[in-house]
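J.: Can you read through this structure? Questions will come right after.
Since every read-out is calculated from the coordinates, none of them should be taken as a lab result. Bear in mind that the values here come from a model prediction, so they are computed numbers and not experimental data. Here the Cβ is made from the backbone with ideal geometry for all residues, glycine too, and neighbour counts use every protein chain on show.
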């Protein structure tokens, strides 16, 4: 037996640790910042939540959630809260460093008012339905609200400006109340839930300060250009902000479409505004992963991760189109645009989140309390297949993701700035740490250097930046990943490259750059063999006998062409561990559900580093076939507005 | 509402706290009067206090006074509701209505739980409760520690033996210096943390390690200490326990927690007492009315059905 199995003891210990609820008193409990609390010029990782709903979101309320933003922040800090639906105390094993509650701006905080018998809203049609109190009328009322939110046609009596303003103020107050600089950061934020024709174009909007008095909802406009205008105006009066789109996987090709909302080709101005206002993209959350799709990446054996959520929300079961709905391919098209129009509209850093609707950022796979209240609050309810959200059964929802931000200290400004400059990474839940740098002259042994991070910052750029001006034959990337001590070991680190070739088409290639256990790639195919699987499905236990606790590499692109625009991001893969549904099945003594994988390989994605060639090296094309879309009703290619020949 | 306030006010007298739970049930008659009489009375009085509360609620919600028309609307709605309610009770519609049953039950539950939240213990009782839970009110212990990491991925079978050797060397060398850490393997986190809490360590190293390190004696090297990463040798410079806060300063928190802790107990006692006052007879359940077997047979087919439907 390998000596590594001493670590098995740790894994078993971790599994058996009971989660003890903490009582109310925890508001007196704090902790000092990292280390001595001084700023770290080389940055620390701060893990947190950037996408979460509470009772102020009408859909969350309809799922039975009564916990509000205060409860959400308490949970993120590590306190136990009482789950509204199960009545049980829930608590994270590893607390977060920061969190942002992002309730829907559409009818923000209205549901509690509709239920209040004293509110004049009870006289309204929806109010009357709700006050009837039976299940059918309640569902009918909820349906009206959701339909209105989905179609963007507001119900006038629910958008009274005075009521809306006080509802937003409550959110801001909760964020400010729980902000403890150096200990726990909150960001003032909300969700703009644009969903024209069921195409998901949702963006979360974040402010660097307390935010403005009025927020911009999908009732104001469903077009992101209008959201950007709002963002730009707010910025000009001192409310610095950014927005992060999510669930491109169910956007029906709208999120990364090659045209504007008005149907015009993307031009330089549009691309600049997109990159300025939306510096990051959410790559995974409970409603599935948006990195890529098996149909788009047939050579990627890890492409099917959490990909069972496929239907457009509120569409009654229409499957989302795959093309122009996934991040890897948008990043690639982005560098194509950089070449074609001189600006990149998809210049995204990578984050991940929960999108949980129970006011709890529960990113721990082994500690899953569900994400949609009534339909998944207990193992029995989750696995029974009884309920669904937008037609998808509970078992298809993944456990929440997490975001790591590299920042000098844990303050609102530092976390905000870290995301804005894209020095940020997303994970499927585990708190995996990733350093990722690009440069031209990293020595091979840099990764072994005690001053690795200092030297990498000095001679290269961190994740989220452009490579400095070309200084040698090919760019070099340094990557260092460390496992979550409460989760599985690491299988491998990969660098994914996307580029546009000389004929105007986009391509991607995945390189394994570091892996565990001294495996040898297959001599014929070059493929690295799978790491193995230690999960016992019957007990939902695994061991860390395989995989490594840290992986690192200095890697030079062997296929580099200095005339081609390119983008590089890092992906870190864990060894297989049980999916939440497998933990549930063991608890209930049943077989794990057949619809989903029993084990998953959790992962982290580090924000890209971009290469833009010297214009003198680039031979621009007249026509980029990879960046054309044909609208069926016009016969025009969107992109250049040339007629189809 | 008025009735509730009255109960809540009364409940603040410590001696009355348990009596009150009883009064809630047996005193309902006294508080509300005989039910038939209320339903049968043919007079509806909208008191000025009731109107004042309509106005106040409107103001709180809409930030202005209601217009005459709006207020008339509220009043006539109230009158209409009152008439319908009395009539409905008079003809017995409240009996066997599942929504009404549940609602009444909930009301009593909320009322009971609210009472539990305003009951105040004797000062000595509270002080004892505070003493039992001191750690909740104290700032967390802070330790300053250094560690050297031994990587099982690098050292494989020799990891633990290497740790023994290194531990002897480190103990001989005494207080850690930068060269000490060079003896360990490469590790992404820091080798030295100053004034950090158990929670802080847990965020970085995981729960097993953080708990172990908090128990170590300062002033010497310890190990091997295991984490999710591998093997560590740990030196604790100091371990500072924060002084207990002044009871007067945290009394409001202690009280809140005492009430929170006792809320469930009060409620359970209340239910149990009530239960004891009833004779409960349950009819025999025929065998063919209950699903046999274990959970698997119950859950399996249902799940498959759903899968088939969704395809």
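J.: Could you sort A:175-185, B:58-68, A:56-66, B:42-52 so that the peptide with the highest average Cβ count within 10 Å comes first and the rest follow in order?
T.: Taking the mean over residues of other Cβ atoms within 10 Å, the ranking is A:56-66, A:175-185, B:58-68, B:42-52.
J.: Let me ask another. Sorted by packing (mean other beta-carbon atoms within 10 Å per residue), highest first, where do A:391-404, A:111-124, A:480-493 land? Please list the in-between numbers first.
T.: Working: A:391-404: 25.4, A:111-124: 17.4, A:480-493: 26.9.
Output ranking for A:391-404, A:111-124, A:480-493: A:480-493, A:391-404, A:111-124.
J.: Could you calculate the FRET efficiency of residue A:39 with residue A:210 from 1/(1 + (r/R0)^6), where r is the beta carbon distance between them and R0 is 30 Å, rounded to 0.05?
T.: For residue A:39 and residue A:210, the calculated efficiency is 0.85.
J.: Okay, next question. Which FRET efficiency, nearest 0.05, do residue A:523 and residue A:441 yield, Cβ-Cβ r, R0 41 Å?
T.: 0.80
J.: For the protein assembly as shown, take the alpha-carbon Rg, divide it by the Kirkwood Rh, and send me Rg/Rh.
T.: Dividing the radius of gyration by the Kirkwood radius yields 0.99.
J.: For labels at residue A:176 and residue A:380 in the simple 7 Å Cα→Cβ model, what's the distance in nm?
T.: Roughly 4.5 nm, to one decimal.
J.: For an R0 of 45 angstrom, estimate the FRET efficiency from the Cβ-Cβ distance between residue A:264 and residue A:616 and round to the nearest 0.05.
T.: 0.90
J.: Pull out the extension gain between residue B:133 and residue B:276, defined as 0.36 nm times the separation in residues minus the alpha carbon to alpha carbon distance; nm, one decimal.
T.: Between residue B:133 and residue B:276, full extension yields an extra 48.1 nm.
J.: Let me ask something else about it. Mind ordering A:295-305, B:152-162, A:372-382, A:603-613 by average Cβ neighbours within 10 Å, highest first? Intermediate results must be reported in sequence, preceding the final value.
T.: On the way: A:295-305: 15.5, B:152-162: 17.1, A:372-382: 23.1, A:603-613: 26.2.
Top of the packing list down: A:603-613, A:372-382, B:152-162, A:295-305.
J.: More than 15 angstrom separation, counting every C-alpha pair in region A:203-246; what % is that?
T.: 34
J.: Modelled label-to-label distance, residue B:160 and residue A:304, 7 Å Cα→beta-carbon offset: nm?
T.: In this crude spin-label approximation the distance works out to 4.0 nm.
J.: Using only DSSP helix segments of four residues or longer, with each worth -39500 (n - 2.57), what per-residue ellipticity at 222 nm results for chain A after dividing by its residue count and rounding to 500?
T.: Calculated at 222 nm, the ellipticity per residue is -6500 deg cm²/dmol.
J.: Turning to a different aspect of this structure: When the distances between all Cα atoms of region A:491-627 are binned every 5 Å from zero, what whole-number percent does each bin get?
T.: Here the calculated profile for region A:491-627 is 2, 9, 14, 15, 13, 12, 11, 9, 6, 4, 3, 1, 0, 0.
J.: What's the Kirkwood radius of region A:38-427 in Å, using all Cα pairs?
T.: 21.0
J.: Averaged over peptide A:585-592, how many Cβ atoms belonging to another chain are found within 10 Å of each residue's Cβ? Numbers along the way, then the final one.
T.: Details: counts 2, 0, 0, 5, 4, 8, 4, 0.
If you average over the peptide's residues, the count of other-chain Cβ atoms is 3.
J.: Semi-axes, largest first, in whole Å: what does sqrt of 5 times each Cα gyration tensor eigenvalue give for region B:86-156?
T.: Ellipsoid half-lengths, sorted descending, are 57, 27, 7 Å.
J.: Sticking with this one: List the equivalent ellipsoid semi-axes of region B:139-240 in whole Å, largest first, each obtained as the square root of 5λ for an eigenvalue λ of the Cα gyration tensor.
T.: Taking √(5λ) for each Cα gyration eigenvalue gives 21, 16, 11 Å.
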